[in-house]
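The values are calculated or read from the model by the stated rules, or taken from the named source; none is laboratory data. Since the model is a prediction, treat every value here as computed from it, not as a measurement. For neighbour counting, all protein chains shown are included, and Cβ atoms are generated from backbone atoms with ideal geometry for every residue, glycine included. Please note that ligands, DNA and RNA were not included when accessible areas were found on the heavy atoms of the full protein model with its side chains. Shrake-Rupley method; radii C 1.70, N 1.55, O 1.52, S 1.80 Å.
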Amino acid sequence: MTAAVLAVNAGLQRALSSLLWLYTLVLIGRAVISWFPITPGTPLETVARVLERLTEPLLRPIRRILPPVRAGGMAIDLSIIIAILGLGIVGPIIISAL
């Protein structure tokens, strides 16, 4: 491989790694914001909607396979944990394959 191809490949790997890290932070943000009551019309509602739009395409299929677990009178959604673990496992494999 030429130096130019290696440089492009390294740049692509860094960019993909950064995107996966950023998306993981978005997933964590969604989990944290779900712990707080959200009043309609507030800036927090806007943030929650943006995080939902960014994460729901990944979380929805996971929830179909693993629905929220009932614990007493509440349900625990494990889809965010599964998504973060999946990104942590599959992400490096994809990046190293480039």
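Annotations
- Hits in region 1-44 - residues which are farther than 30 Å from P68 by Cβ and among the hydrophobic types (A, V, I, L, M, F, W, C): M1, A3, A4, V5, L6, A7, V8, A10, L12, A15, L16
- Helices (runs of 4 or more DSSP H) wholly inside the chain that include at least 1 residues being of a type in the set (K, R), in contact (Cβ under 8 Å) with a residue 40 or more places away in the chain and open to solvent by 80 Å² or more (accessible area, probe 1.4 Å): none
- I95 being out of contact with any helix residue (DSSP H, G or I) (no Cβ under 8 Å at 6 or more places or on another chain) and at pLDDT below 90: no
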